[in-house]
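Asker: Below: one structure in structure tokens.
The values are calculated or read from the model by the stated rules, or taken from the named source; none is laboratory data. In this text, all values refer to a predicted model and were calculated from it rather than measured experimentally. Heads up, the Cβs are rebuilt from the backbone with ideal geometry, glycines too, and the neighbour counts pull from every protein chain shown.
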Amino acid sequence: MAYLLLLLCLFVAACGGHSPAAPTAPVPTSTPPPRQVVIVSVDGLRPDALVQSGAPNIQSLAARGAYTWQARTIMPSNTLPSHVSMLTAYLPQAHGITWDDYLPARGRLTVPTLFTAVRAAGMRSAMVVGKSKFDYFKDTGAVDFYAVAQGGDDDVAGQAAAQARAGFNLMFVHLPEVDLTGHASNWMSASYLERVTHADQAVGRLVSSLPAWTTVIVTADHGGGSRANNHGSDDACDMTIPWVVTGPRTLRGYQLSTPVSTTDTAATAAWLLGVSLPPDVTGQPVTEAFGAGR
């Protein structure tokens, strides 16, 4: 009998009688969040107005990210040529838009833009603006959603927040009223500073609608006040702009030491999104804001 039991045990072992191994549970994988960048341009915003008005939302973004109050725009320091430089990384001598209104008969936007690079990478982009002169960007066909909001900063921020919920990789948001008030009441007037406070509130509402992984750049196209109710010169009042970037990869409360130009805005956004601008652009990514070169 003992011999038979031994044979039975050997037979079971030979036929794989060991208990089967427990199935291995699949290793959970996390999908990285999409790359998202929002550029907010507060038209005509002087950096010293942020200090005088308080601007708690923009100041909070600076405290959570990297910033400079000494960034520089281009000449001529006007809305359209400056924004073309901001969103292409080219100087006006290269992009050719030196006038300040939508005049397609005078010339088109022919250089590649940040939106062109985003489209080429299979990503989506949106623009919500407060002035129709930005139609130059719509005409390129590279922007997936384009809207000119007619109701001022609140309307712009509301439409932009809706687009944020719809999904995007790049969004450009233009708040027009600070500049309009500067032209009407002069830069640094009580009305101007009140409008800066209102724009800051619009920025706060927009940012609160964004996913936590979004990187936000807040800047301006120009300052103003070198001449009564105007801008456009090479005076420091007109040329100096704020530049703030905050997101999951930025340093916190870090004041930038390297000079920043408005052309660096497009280059930084492209770097964050992993898309390529042409090699001859002037702008460079502000990698210091993310700890590079420290």
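Asker: May I ask you to list the residues in segment 218-245 that are free of Cβ contacts under 8 Å to residues at least 40 places away in the same chain, not in a loop (DSSP other than H, G, I, E, B) and not basic (K, R)?
Answerer: Of everything in segment 218-245, just one residue is free of Cβ contacts under 8 Å to residues at least 40 places away in the same chain, not in a loop (DSSP other than H, G, I, E, B) and not basic (K, R), namely A236.
Asker: T113 - would you say it is surrounded by 17 or more Cβ atoms within 10 Å (Cβ to Cβ), of a type in the set (S, T, N, Q) and in contact with a Pro (Cβ under 9 Å, 6 or more places away or on another chain)?
Answerer: no
Asker: Hey, another quick one. If you go through segment 241-256 one residue at a time, how many are surrounded by fewer than 19 Cβ atoms within 10 Å (Cβ to Cβ) and under 23 Å from A49 (Cβ atoms)?
Answerer: 2
Asker: Please name all residue pairs, on different chains or six or more residues apart, with Cβ atoms under 6 Å, provided the first residue is in segment 57-86 and is over 16 Å from D200 (Cβ atoms) and the second residue is hydroxyl-bearing (S, T, Y) and part of a strand (DSSP E or B).
Answerer: Taking only residues 6 or more apart or on different chains, the pairs are A66/Y254; R72/S261.
Asker: Next question. Failed condition for W271, given (1) touching a residue at least 40 places away in the same chain (Cβ under 8 Å); (2) outside any loop (DSSP other than H, G, I, E, B), with all others met?
Answerer: Evaluating W271 over (1) touching a residue at least 40 places away in the same chain (Cβ under 8 Å); (2) outside any loop (DSSP other than H, G, I, E, B) leaves (1) as the failure.
Asker: I would also like to ask the following. Pick from V148, V118: which is over 21 Å from A267 (Cβ atoms) and either modelled with pLDDT of 95 or more or of a type outside the set (A, V, I, L, M) (or both)?
Answerer: The unique qualifying residue is V148.
Asker: Sticking with this one: Name every residue in segment 78-104 that is assigned to a loop (DSSP other than H, G, I, E, B) and either within 19 Å of I39 (Cα to Cα) or of a type in the set (D, E) (or both), in order of residue number.
Answerer: Passing the criteria: N78, A89, Y90, L91, D100, D101.
Asker: Only residues that are in a helix (DSSP H, G or I) and buried (at least 16 other Cβ atoms within 10 Å of the Cβ): list them for segment 206-217, please.
Answerer: L206, V207
Asker: To continue, here is another question. Return only the number of the condition from (1) more than 19 Å from the chain's Cα centre (by Cα); (2) hydroxyl-bearing (S, T, Y); (3) assigned to a strand (DSSP E or B) that S191 does not satisfy.
Answerer: Result: S191 fails condition (3) only.
Asker: Give A164, A149 a once-over and let me know the one that is touching an Asp or Glu at 6+ places or on another chain (Cβ under 6 Å) and crowded, with 19+ Cβ neighbours inside 10 Å.
Answerer: A149
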